[in-house]
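The values are calculated or read from the model by the stated rules, or taken from the named source; none is laboratory data. Remember, predicted model here, so these are calculated numbers, not experimental data. Using ideal geometry, Cβ is built from the backbone for each residue, glycine included, and neighbour counts are taken over all protein chains shown. All accessible areas refer to the heavy atoms of the entire protein, side chains included, with ligands and DNA or RNA removed. Shrake-Rupley method; radii C 1.70, N 1.55, O 1.52, S 1.80 Å.
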Amino acid sequence: MLAPGCEMESAEPIIGVLGAESMAFWDQLDPKPVKNGTLVVAAARDTPDLKRFGRVTEGWEPADSARIADLEPDLAERFATGLFFPEESHFDPREVLPALVERLKSLGVSFRFEEALSDSHLEADPDADWRLDCRGLAARDKLPDLRGVKGEMLLLRTDEVTLNRPIRLLHPRIPLYIVPRSGGLFMVGATMIESEERERPTVRSVLELLSAAYALHPAFGEAEIVEIGVDARPAFPDNLPRIRRDGRTLRVNGMYRHGYLAAPAVARRAADYLLEGKVPEDIGTRGDYE
């Protein structure tokens, strides 16, 4: 999801700045993101959560039941009110990531997959002008304040529901987002647990995600569970990205849950520093670059 507006519900303002800046990059990529916006809804009992969401975010339009039905016919008469963020987009990262790889290959970048990478590998080439360390949690050998935040997601398949855009269902215990993909697939996510565990899905999380999807539309009760995904997001204590210089190595990390949303803008700042010596004023502190 490329949702700089919705993410302001729980993120610092810099994430909105980075996200809005990154949208221009993604719009130039093939395949392009689907720009159908985001619809935020809540059950009647959770209307206070919807009002709070509106108070802390911008770029939305009110959506009554008729507007919701127009945007998402399969949700007609299921929700009385919502918020529509028309400028937001979404894509399938499993389609976009290979496109990024091919683009870089065309520019002369080489890749070596399925290889363990430690900091010693970064130091192995004495002729390199700079080294970029973007290893995520693997970089904890050099970034001790980095931590993991566990996330679990589901991939469901059904031909009984059609959605045109990401839907966020607000809930006091586990807010849900569901993103449509091709072939009747829907990505349902995602939990945020203070844990560095990266392999084991939990019964509680899976049950809550499935229950939330069922609450959005009962037809998900008959959907096929295609995949249960688990991993840990790399995050610093404030959940904001960092660019840190360590000699001739630049360490770019801590994207938390905003990887695709903010990565192009963070990468631009890293490139500006490497090529022009321009110190970013909005990511980290000046001491990070000294």
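Each other residue within a Cβ distance under 12 Å of E7 adds +1 if Lys or Arg and -1 if Asp or Glu, for a net charge of -2.
Taking Cα atoms only, the orientation of helix 13-27 departs from the longest principal axis of the chain by about 90 degrees. Against the compact-protein benchmark of 2.2 N^0.38 Å, the Cα-based radius of gyration of the stretch 142-210 scales to 1.30. Computed extension length for T202-R140: 19.8 nm, one decimal, from 0.36 nm per residue of separation with the Cα-Cα distance subtracted.
Note on surface exposure: S211, S22, S195 rank S211, S195, S22 by accessible area, highest first, 1.4 Å probe. Just checking my list (1) 40, 32, 16; (2) 39, 28, 18; (3) 36, 20, 19 against semi-axes √(5λ) of the Cα gyration tensor in Å computed from this structure; which label fits? So the structure-derived entry is (3). Around R269, with a cut-off of 9 angstrom between Cβ atoms, what is the net charge of the other residues, counting Lys and Arg +1 and Asp and Glu -1? Residues close to R269 contribute a combined charge of 0.
Once you keep just the Cα pairs under 8 angstrom separated by 6 or more residues, what percentage relative contact order results for the stretch 118-215?
Computed over the stretch 118-215, the figure is 27 percent.
Taking a point 7 angstrom from the Cα of F111 along the C-beta vector, which residues in the stretch 8-44 have backbone N less than 15 Å away? In the stretch 8-44, the label zone of F111 (backbone N under 15 Å from the point 7 Å along Cα→Cβ) covers 30-31. Ranked from largest to smallest solvent-accessible area, with a 1.4 Å probe on the protein heavy atoms, E152, E276 come out as E276, E152. A probe of 1.4 angstrom, applied to the heavy atoms of all protein chains, finds E102 with accessible area near 110 square angstrom. Simple point charges give the picture: +1 on the Cβ of Lys and Arg, -1 on the Cβ of Asp and Glu, and for the stretch 168-290 a dipole about the Cα centre of about 260 debye. Measuring nothing but protein heavy atoms, the accessible surface of the chain at 1.4 Å probe radius is 52 percent carbon and sulfur. Note on the stretch 241-280: dipole from Cβ charges, positive end direction compared against I243, V266, G277; the farthest Cα belongs to I243.
Only the Cβ atoms of Lys and Arg (+1) and of Asp and Glu (-1) were treated as charged; on that basis the dipole of the chain about its Cα centre amounts to roughly 340 debye. With the whole protein complex present, S182 retains an accessible surface near 80 Å², based on a 1.4 Å probe. With a simple spin-label model that places each label point 7 Å from the Cα along the Cα-to-Cβ direction, the separation between E61 and S182 comes to 2.8 nm. Considering the options A24, M8, A66, tell which one lies farthest towards the positive end of the dipole of the stretch 5-66, charges being +1 on Lys and Arg and -1 on Asp and Glu at the Cβ, about the Cα centre. Of the listed residues, the answer is A66.
Any number yet on Rg/Rh for the stretch 44-92, C-alpha, Kirkwood?
Value, to two decimals: 0.99.
For H171, the solvent-accessible surface computed with a 1.4 Å probe is close to 50 Å², ligands and nucleic acids excluded. Would you please state the base-10 log of I(q)/I(0) at q = 0.10 1/Å for the stretch 17-124, with intensities from the Debye formula using one equal scatterer on every alpha carbon? So the normalised log intensities are -0.50. The mean sequence separation of alpha-carbon pairs under 8 Å and at least six residues apart, normalised by the residue count of the chain, gives a relative contact order of 21 percent. Annotation for the stretch 126-141 versus the stretch 203-255: alpha-carbon center distance of 23 Å.
Assuming a ≥ b ≥ c are the square roots of the Cα gyration tensor eigenvalues, decide whether the stretch 96-203 counts as rounded (a/c under 1.5), prolate (otherwise, with a/b larger than b/c) or oblate. Oblate is the answer for the stretch 96-203, as a/c is 1.5 or above yet b/c matches or exceeds a/b. Entry note, the chain: the mean residue ellipticity at 222 nm calculated from DSSP H runs of n ≥ 4, each adding -39500 (n - 2.57), is -8500 deg cm²/dmol after division by the residues and rounding to the nearest 500.
Heavy-atom accessible area with a 1.4 Å probe sorts I243, I225, largest first, into I225, I243.
I need the shape label for the stretch 168-262. Rule: rounded when a/c is under 1.5, else prolate if a/b > b/c, else oblate, with a, b, c from the alpha carbon gyration tensor.
Numbers: a/c = 2.45, a/b = 2.20, b/c = 1.11.
It is prolate, given that a/c is not under 1.5 and a/b is the larger ratio.
Computed over protein heavy atoms with a 1.4 Å probe, the accessible surface of the chain works out to 52 Å² per residue.
Compactness check for the stretch 1-56: Cα Rg over 2.2 N^0.38 Å is 1.34. Within the same chain, lysines fewer than 8 places from K51 are excluded, and of the rest, those with a Cα less than 25 Å from its Cα are K35.
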